[in-house]
1. I need the full set of residues from segment 261-313 which are β-branched (Val, Ile, Thr) and surrounded by 21 or more Cβ atoms within 10 Å (Cβ to Cβ), in order please.
2. Note down all Cβ pairs under 6 Å where the first residue falls in segment 112-129 and is buried (at least 19 other Cβ atoms within 10 Å of the Cβ), the second is charged (D, E, K, R) and outside any helix (DSSP H, G or I), and they're at least six residues apart or on different chains.
3. Which ranges mark the helices (runs of 4 or more DSSP H) fully within segment 1-111 that have 3 or more residues being of a type in the set (D, E, K, R), surrounded by fewer than 17 Cβ atoms within 10 Å (Cβ to Cβ) and modelled with pLDDT of 95 or more?
4. Would you please name the residue that is surrounded by the most Cβ atoms within 10 Å (Cβ to Cβ), looking only at residues in segment 351-384 that are assigned to a loop (DSSP other than H, G, I, E, B) and among the basic types (Lys, Arg)?
5. Those residues that are of a type in the set (A, V, I, L, M) and either crowded, with 24+ Cβ neighbours inside 10 Å or over 21 Å from residue 166 (Cα atoms) (or both), I need them from segment 203-219; list them, please.
6. Which residues, counting only those in segment 136-160, are in contact with a strand residue (DSSP E or B) (Cβ under 6 Å, 6 or more places away or on another chain) and of a type in the set (A, V, I, L, M, F, W, C)?
7. Does residue 214 satisfy the condition of being among the hydroxyl-bearing types (Ser, Thr, Tyr), in contact (Cβ under 8 Å) with a residue 60 or more places away in the chain and assigned to a loop (DSSP other than H, G, I, E, B)?
Amino acid sequence: MPTTTTATATVADITPAAPAPPGQPDIAYAPDFQKWQARAARRLASDTLPRTVPRGFPSRLSGDLVWEGDKLADTYNWTYVLNEDQLAEIDWAVQHFASLGLPLGHLSPETFPLPGLHAELRRLSRELHTGHGFFVLRGLRVDDYTREENAIIYAGVSSHIATQRGRQDHKFDGRPADVVINHIKDLQGDRIAAGGAIGSPAYTTDKQVFHTDSGDIVSLFALETAASGGTSKLASTWRVYNEIARTRPDLIHVLSKNWDYEVFEKADKQWTERPLLFHSAATGSCPERIALQYARRHFVGFGALPRSPGIPPISEAQAEALDTLHFLGDKFCVNTDFQKGDMQYVNNLAVFHARDGFSNSPEKKRHLLRLWLRDPENAWETPEALKPRWAQLYDGVTPEREVFPLEPYIRSDSNKGR
């Protein structure tokens, strides 16, 4: 059984591995270092592999987005601690929004005004897009507020960082809806998970391997942390890219070609073809950029949602590339020391993330809220192959249709009963 080692505990993954479809390489959701090394050795010995990156791709990236976790604290303080005046301003904004009598979908900088804090939050949005790619807001006293008030604070503060909230599910309680907030919590023991419905580690205590979410910005708000484990890890896509380009440029070819990406929700076709890695050349207004967008479970399955046998299996080269991304992410990552009340914001195209396995107790049960955001003022140009997915997230989301569930549930693309 794979395990996750943390500073305080070793937590076993408890979800059985999803069965592999016919022809799939020997790879599971939980990465295996020895299998990765053996696969790399076989491919290096037997294949004639490209020795340079694809035409037009950079051999090396530079700038603030290239960082290593063990050195980053020397040059960048990613934690912004809210002071008493700012906390009082947030508290006043909660009361102001309540006085308007509006549904939560109307949360915006206008309805949740933060005149003193606004400029700092706009600066932090620029940090996401042109700086180091992530930051943490610290100091919110979640126990002073109800669940709904915490959701109001989270969405209200976030609206000053990025005005667009992405659609994380297209239905709620069996009806069409734009679900814009999601609960990240262990539901394995809950009645909702009866029958083995869970197809994503987000709703378990298992380790989450390095991956990205969907959309421009992924944000998490810690209502409560775990009794042990659950370390939140971030890694620079650009630092990982540089390492792969230097040591294994053939894998840049693999990552930048089309993959058969499973669609777990009901659809006319259960997979799409697209790359995982995208290159944008420099323009007069934008620098050269590399973007990464993928989640491992869409290629190997997880829990109640194995990879479908009707989808072509991934190749040995793709299996090696998935493990390379994970293990290099783990090598260069930073632990953000995620605490209760923290709001974490990540440039989802430039930084990818993981989580250690964890254990809850009756007194401490890890519970996060998640938003997928976009700031039209600072957003990166969306790669062409991602535009259909981005349209699913952001197009047509209106205040009237936005839903903010106050209790956890398994969203459609993670639910076997979808």
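The values are calculated or read from the model by the stated rules, or taken from the named source; none is laboratory data. Source: prediction; values computed, not measured. Reconstructed Cβ throughout: ideal geometry from the backbone, glycine too, with neighbour counts over all protein chains shown.
1. 290, 300
2. Close Cβ pairs (under 6 Å, with a partner that is charged (D, E, K, R) and outside any helix (DSSP H, G or I)) amount to 125/375.
3. Correct list: 84-100.
4. Per the stated criteria, the residue is 366.
5. Within segment 203-219, 209, 217 meet the criteria.
6. 136, 137, 142
7. Considered against the rule, which asks whether it is among the hydroxyl-bearing types (Ser, Thr, Tyr), in contact (Cβ under 8 Å) with a residue 60 or more places away in the chain and assigned to a loop (DSSP other than H, G, I, E, B), residue 214 comes out as yes.
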